[in-house]
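What follows is one structure encoded as structure tokens, with my remarks underneath.
All of the numbers you see were taken from the coordinates with simple rules; none came from a lab. If you're wondering where the values come from, they're calculated on a predicted model, not measured in any experiment. Note: ideal-geometry Cβ built from the backbone for every residue, glycine included; neighbour counts use all protein chains shown.
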Amino acid sequence: MSRLRRWSPRLAATLLMLAALFAAPPFTPAWSQVERAPLVGIIDIQAVLRESVAVQSLSQKIEAMREATQADMQSREQALRAADIDLAQRRASLSPSAYAEERSKLEDEGVALQREAQEQRRQLDQIFSRGMSQVQQVLVQISQDIARENNLDLVLAKTTVILVRPEFDFTQEALKRLNSRLSDVALPDVAN
């Protein structure tokens, strides 16, 4: 009898575990519940962005702004150099303190010009980034449309794929739609 009491809790626990296992539905992994293989689409995002009319237009606008900014900075630098040469020629006729004061002003103008040039480059980079962000948002919407229309379960960037069959590559379709939907990007303002 004492032996039966010792085994009773263990036996009851074992029987409960077995009953729970047999009563539970069989374990089936999620992938085995899929009725078909997932459909995957590939888009070469870099190629779409490189060949996009909107990105090319944005790049041209930014480059024109860079060239205009650079031309302005170069003319201002030349004016500073001319002022420096003029100061050097007048040095003999100026008192040491007057020369030092004018030299200091020229150096301050040079430093201010460098800071302004850096700030303008930063702003142009920021404008380009915001413009590219607009293009990328439209490309994401286009990718979603393509996925929905073709019943795709997954759309991958081509940079993550080694080989792909042509029927799974939607790059040209994405480019065509991007060019028709967005041919130009309005340059956004940049807040300091």
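Brief remarks on what is shown
- Using the Cβ-Cβ distance between LEU113 and VAL140 with R0 set to 30 Å, the FRET efficiency from 1/(1 + (r/R0)^6) comes to roughly 0.15.
- With a Förster radius of 35 Å applied to the C-beta separation of GLN46 and GLN78, the computed FRET efficiency comes to 0.30.
- Each listed q (0.26 Å⁻¹) maps to a log10 I(q)/I(0) for the stretch 79-127, found by the Debye formula over equal Cα scatterers with no solvent: -0.91.
- Taking a straight Cα-Cα cut-off under 21 Å and skipping sequence neighbours fewer than 8 places away in the same chain, the lysines within cross-link reach of LYS176 are LYS158.
- Near ASN151: Cβ cut-off under 14 Å, other residues only, Lys/Arg at +1 and Asp/Glu at -1. The net charge is -3.
- Protection proxy ranking of 130-138, 78-86, by the mean of other Cβ atoms within 10 Å over each peptide's residues and highest first, is 130-138, 78-86.
- Principal semi-axes in Å for the stretch 64-192 [√(5λ), Cα gyration tensor, largest first]: 56, 13, 12
- Derived scalar couplings ³J(HN,Hα) [the stretch 174-180; Karplus, 6.51 cos²θ - 1.76 cosθ + 1.60; whole Hz; x for Gly, Pro]: 5, 5, 4, 5, 5, 5, 7
- Other-chain or far-sequence residues with amide H under 5 Å of ILE42's (modelled H): LEU156, ASP169, PHE170
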